[in-house]
Amino acid sequence: MAQFVLSLHTAPTDHDTTQRLIKFAQACLDSGHSIAAIFLYQAGVYHASNHLELASDELPINRLWQSLSEQEIPLLLCVTAAEKRGLDIDNTSVFTVAGLAEFAMLVSEADKWVQFK
């Protein structure tokens, strides 16, 4: 089976892209594939913000990330993009701070890299 690396480049307010990534990740796992990591980059780093509060009738983003984390999928947060946007990189919930070099290594070892923009 194939090994995937996924990257998310859009803010939490872009529910369509977030849902596509979540559904794609679950379909990969359900089909027997593996996901080496999900990497948050550019505006995607806002998913790791401690100040993310969405209305109760919106997509439960924090719960979805928790679910992926519980399936032992590494959730990586680009340290440079996070710092540029003023995020607290010492308190990132289910996300692990990583650099672009680590991301590049994961992509080079994976069968497929899929970007969600």
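When the chain is treated as a Gaussian network with alpha carbon springs shorter than 10 Å, the biggest mean-square fluctuation among Ala101, Ala36, Ala82 belongs to Ala101.
For the chain, with only Lys/Arg (+1) and Asp/Glu (-1) charged at the beta-carbon, what is the dipole magnitude about the Cα centre, in debye rounded to 20?
On the way: 7 positive and 14 negative charges, 58 e Å.
The dipole of the chain has a size of about 280 debye.
Taking Gln42, Gln26, Gln71 in turn, the Gaussian network model of the chain (Cα-Cα springs below 10 Å) assigns the largest fluctuation to Gln71. Averaged over its residues, the chain has an accessible area of 54 Å² per residue, based on protein heavy atoms and a 1.4 Å probe. Dipole of the stretch 58-117 computed with +1 at Lys/Arg Cβ and -1 at Asp/Glu Cβ about the Cα centre; of Gly86, Ser67, Leu106, farthest Cα towards the positive end is Gly86. Across the chain, C-alpha contacts under 8 Å between residues 6 or more apart give a mean separation that, scaled by the residue count, equals a relative contact order of 39 percent.
Express as a percent, rounded to the nearest 5, the fraction of DSSP beta bridges in the chain (both residues included) that run antiparallel. Intermediate results must be reported in sequence, preceding the final value.
On the way: 0 of 17 bridges.
In the chain, approximately 0 percent of DSSP beta bridges are antiparallel ones.
Of the solvent-accessible surface of the chain, computed with a 1.4 Å probe and all protein chains present, 48% belongs to carbon and sulfur. Largest to smallest in accessible area, the residues Glu72, Glu109, Glu102 fall in the order Glu72, Glu109, Glu102 (1.4 Å probe, all protein chains included). Which of these values of Cα Rg over 2.2 N^0.38 Å was calculated from the structure shown: [x] 1.09; [y] 1.13; [z] 0.99? Computed from these coordinates, Cα Rg over 2.2 N^0.38 Å corresponds to label [z].
The values are calculated or read from the model by the stated rules, or taken from the named source; none is laboratory data. Keep in mind it's a predicted model, so treat the numbers as computed, not measured. Note: ideal-geometry Cβ built from the backbone for every residue, glycine included; neighbour counts use all protein chains shown. Ligands, DNA and RNA are stripped out before the accessible areas are found, and what is left, the full protein with its side chains, is counted by its heavy atoms. Shrake-Rupley method; radii C 1.70, N 1.55, O 1.52, S 1.80 Å.
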